[in-house]
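Below is one structure, written out as structure tokens; comments come after it.
The values are calculated or read from the model by the stated rules, or taken from the named source; none is laboratory data. Here the structure is a predicted model, which is why all the values come from computation and not from measurement. When we count neighbours, we look across all protein chains shown, and the Cβ atoms used for this are built from the backbone with ideal geometry, even at glycine.
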Amino acid sequence: AKEKGRNDFQMFNADMKSTSINRLKLENELRRALANEEFVLYYQPQVEIESGRIVGVEALIRWIHPERGLVSPNHFIPFAEESGLIVPIGEWVLRSACKQNKAWQNQGYEPIPISVNLSMRQFFQHNLKGKISHVLEQTGLEPQYLELEITESMTMDVDHAIQSLLELKELGVNVSIDDFGTGYSSLYYLKKFPIDKLKIDRSFVRDIMVDPNDAAIVATIIAMTHHLNLKVIAEGVENEDQLNFLYQNRCNEVQGYWYSPPVDGNELEYMLNHGI
Ligand code: C2E
Ligand code: CA
Ligand code: CA
Ligand code: CA
């Protein structure tokens, strides 16, 4: 049993350049996970610094594996992207997130947007607009309460990205650029993309108090968003010094362990009820 456990662990290594047997096994396991509803969503609050209010949540997938327990997305999302399984998994995430957000509204909570991570394949899939619009209709969620997170790498094919983004804009959903600063998006195109928000990557936030370069980069990104009329949120805020720095530099919203890690639906409701 010990031996088996170790093999299983290797199968879930973030480095998926494993044997084809393992890949096939993982692919089958992921299909089974979808069919058996082994995935759940966790939710991480997005907090307005000044008021301390929860102004949004990001939905983050978890896999409750029958033998291994809670599996982090870093251990299967890269493989799901490679194999194409990210499309049905991503659809499950989108539908579940919209459904949950609508349920919270029906329970009387003040409506807030829910953010969903879109993979490259989803972003460029045929009839993206139709698919998202269908999910919104099915769940009854109004488009302004859905935010889609894309990464800079998805904007490399500029014309295609603009076309997809315009479709999303027509739908009325919000779009943010995740992990901002880690990719290669050109500032020139940034103003051409119909996006709403930048999410400053946590690798910059991590060292703002120790590395003057990171501090300068973060302050500059925030100032830029104000000039471009974009919203901004800082990710990975883990301590009060970082929070104060961000607040002083006019970043209004943060997400990170300082306020809360991603939590299950019940815990999120508890925070909505009692404050964070
Ligand atoms: P991400 O979209 O950048 O999500 C933020 C990650 O940072 C989450 O990891 C979150 O738990 C973690 N995090 C939040 N606050 C802090 C902090 O203060 N300190 C540190 N060190 N980490 C923090 P998680 O949930 O393990 O997700 C990892 C990545 O997996 C996500 O990164 C995203 O790229 C991907 N992912 C998660 N759910 C989905 C999904 O439904 N669809 C797709 N396509 N990708 C997903
Ligand atoms: Ca994200
Ligand atoms: Ca991120
Ligand atoms: Ca990330």
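Give me the residue from the range 138-151 that is surrounded by fewer than 20 Cβ atoms within 10 Å (Cβ to Cβ) and among the charged types (D, E, K, R) and, out of that set, farthest from Gln100 (Cα to Cα).
So, considering only residues that are surrounded by fewer than 20 Cβ atoms within 10 Å (Cβ to Cβ) and among the charged types (D, E, K, R), the one farthest from Gln100 (Cα to Cα) is Glu149.
Being more than 16 Å from ligand 4 (Cβ to nearest atom) and of a type in the set (A, V, I, L, M) is the filter; apply it to the range 49-72 and report the residue that is surrounded by the most Cβ atoms within 10 Å (Cβ to Cβ).
Filtering the range 49-72 down to residues more than 16 Å from ligand 4 (Cβ to nearest atom) leaves 49-57, 63-71.
Cutting the leftovers down to of a type in the set (A, V, I, L, M) gives us 49, 54-55, 57, 64, 70-71.
Details: Ile49: 18, Ile54: 21, Val55: 15, Val57: 29, Ile64: 14, Leu70: 10, Val71: 18.
This residue is Val57.
Residues being in a helix (DSSP H, G or I), under 19 Å from the mean Cα position of the chain (by Cα) and at pLDDT 95 or above: count how many of those fall in the range 134-160. Spell out how you get there, then give the answer.
Here is the first cut: in the range 134-160, the residues in a helix (DSSP H, G or I) are 134-139, 143-145, 152-155, 158-160.
Then drop every residue that is not under 19 Å from the mean Cα position of the chain (by Cα), which leaves 135-136, 143-145, 152-155.
Retained after the next criterion (residues that are at pLDDT 95 or above): 135-136, 143-145.
The total comes to 5.
Being assigned to a helix (DSSP H, G or I), within 13 Å of ligand 1 (Cβ to nearest atom), of a type in the set (D, E, K, R) and touching a helix residue (DSSP H, G or I) at 6+ places or on another chain (Cβ under 8 Å), is that true of even one residue in the range 222-237? Write out each step before concluding.
Start the filter on the range 222-237 by keeping residues that are assigned to a helix (DSSP H, G or I), which leaves 222-227.
Narrowing further to those that are within 13 Å of ligand 1 (Cβ to nearest atom): none.
No: zero hits.
Could you figure out which of (1) at pLDDT 95 or above; (2) not in a loop (DSSP other than H, G, I, E, B) isn't true of Glu50?
Unmet condition: (2).
Sort out which residues of the range 46-100 are of a type in the set (A, V, I, L, M, F, W, C), away from ligand 2 (no atom under 16 Å from the Cβ) and closer than 20 Å to Lys131 by Cα, and write them in order of number.
Leu85, Val87, Trp92, Cys98
Quick check on my filter: what residues within the range 176-188 are more than 13 Å from ligand 4 (Cβ to nearest atom) and surrounded by 21 or more Cβ atoms within 10 Å (Cβ to Cβ)?
Just the residues of the range 176-188 that are more than 13 Å from ligand 4 (Cβ to nearest atom), to begin with: 184-188.
Matches in the range 176-188: Ser185 only.
Quick one: would you say Val263 is more than 24 Å from Gln100 (Cα to Cα) and not polar (S, T, N, Q)? Show your work before the answer.
Details: more than 24 Å from Gln100 (Cα to Cα): no; not polar (S, T, N, Q): yes.
No.
Gly172 - would you say it is away from ligand 2 (no atom under 16 Å from the Cβ), at pLDDT 95 or above and at positive phi? Quick ask: steps written out before the conclusion?
Values: away from ligand 2 (no atom under 16 Å from the Cβ): yes; at pLDDT 95 or above: yes; at positive phi: yes.
Yes.
Quick one: how many residues across the range 95-121 are away from ligand 3 (no atom under 16 Å from the Cβ) and closer than 20 Å to Phe79 by Cβ?
Result for the range 95-121: 1.
Within the range 138-145, identify whether any single residue is under 30 Å from Asn106 (Cβ atoms), among the hydroxyl-bearing types (Ser, Thr, Tyr) and more than 16 Å from ligand 2 (Cβ to nearest atom), and answer yes or no. First the steps, then the outcome.
Filtering the range 138-145 down to residues under 30 Å from Asn106 (Cβ atoms) leaves 138-145.
Now narrow it down to the ones that are among the hydroxyl-bearing types (Ser, Thr, Tyr): 139, 145.
Okay, now just the ones that are also more than 16 Å from ligand 2 (Cβ to nearest atom), so 139, 145.
Within the range 138-145, one or more residues are under 30 Å from Asn106 (Cβ atoms), among the hydroxyl-bearing types (Ser, Thr, Tyr) and more than 16 Å from ligand 2 (Cβ to nearest atom).
Within the range 53-75, which residues are more than 16 Å from ligand 3 (Cβ to nearest atom) and either assigned to a loop (DSSP other than H, G, I, E, B) or of a type outside the set (D, E, K, R) (or both)?
Hits for the range 53-75 are Ile54, Val55, Trp63, Ile64, His65, Pro66, Glu67, Arg68, Gly69, Leu70, Val71, His75.
Between a first residue in the range 56-68 that is closer than 11 Å to Leu41 by Cβ and a second residue that is more than 14 Å from ligand 1 (Cβ to nearest atom) and assigned to a strand (DSSP E or B), which pairs have beta carbons less than 6 Å apart while being 6 or more apart in sequence or on different chains?
Short answer, once both residue conditions are applied: none.
What residue, of Ala223, Ala219, is among the small types (Gly, Ala, Ser), surrounded by fewer than 17 Cβ atoms within 10 Å (Cβ to Cβ), farther than 15 Å from Glu50 by Cβ and away from ligand 4 (no atom under 16 Å from the Cβ)?
On the way: Ala219 fails: surrounded by fewer than 17 Cβ atoms within 10 Å (Cβ to Cβ).
Unique residue meeting the criteria: Ala223.
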